[in-house]
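Working notes for the structure below.
Read-outs: derived from the displayed coordinates by stated rules, not from any lab. Since the structure is predicted, the reported quantities are computational estimates derived from the model, not experimental observations. Because the Cβ atoms are built from the backbone with ideal geometry, glycine has one as well, and the counts that use them run over all protein chains shown.
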Amino acid sequence: MFMLPALFLRLALFLTIPADIESIIQDSVLFSTPTNSYKQLQEEFFLQHISHPVTTSPLLITILNLIDNDQFLTNLIYSVVDISIAYLLVSTIRRFRKVDSERILKLYLFNPLVLLSLVSKTTTIFNNLFIVVALNALTVSCYCLSAIFIATSAYFTYYSWYLMVPILTYIYKETQCTLIVIKTLLVFAATTVAIMLLTTQSKEEFFTYYRELSSFTTISPNLDI
């Protein structure tokens, strides 16, 4: 019952917040870094046809191309993703203990800090979505599906790789089966490779993007727009 009002609140926030305040939030180190900032994403979108080091997910650039970088659709995507995270978090928690779902949803959906983080429009929100989906799948024993979403999350940031350690440990404790653990790990590895190959259009783009990402040689926007 809180989802629709929360969606309208987020869209209204995007429409009414002054541009200078939005820019300050997006520049703040409390919400974003040079490698996950919305400004970096916009820069990569406008410079995608120019030969330069790629430091932003090619998948996100593709999505922006599909919607023609429309601001309303971009805001709608961010809002829906944020609300989906709240719903999945509550859904996951309820499987472990009896909780007041409405109270948790209110705390998340109408939390000023969450709303400010949303306004910053960092790419971290997509990473968080895939992590929450993976945990949700894990709690219903969909281990391979969980590995697929963790691999997708790891596509956006390396630290998601480390989550496979507790996930595999949890799977072994639940199943006491080494074969299932190995199968899950292989699914994770295969998905990671598949995403890396499918989201880059050429061998040059593949090596450029992942070389820059792994070496951290480009840590700030090229034009600082």
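For LEU30, put the label point 7 Å out on the Cα→Cβ axis and report which residues of region 122-150 keep their amide N under 17 Å from it. Output list for this probe position: 122.
Where in region 78-115 are there trypsin sites (Lys or Arg not before Pro) that are in a DSSP coil and have at most 15 other Cβ atoms within 10 angstrom of their Cβ?
On the way: sites: ARG94, ARG95, ARG97, LYS98, ARG103, LYS106; in loops: ARG95, ARG97, LYS98.
Within region 78-115, the qualifying trypsin sites (Lys or Arg not before Pro) (loop, at most 15 other Cβ atoms within 10 Å) are ARG95, ARG97, LYS98.
What the phi angles of region 83-88 give under the Karplus curve with 6.51, -1.76 and 1.60, with θ = phi - 60°, is a coupling list of 5, 5, 4, 4, 4, 5 Hz, glycine and proline written as x.
For region 69-135, the list of chymotrypsin sites (Phe, Trp or Tyr not before Pro) that fall in a loop by DSSP and count at most 11 other C-beta atoms within 10 angstrom reads PHE96.
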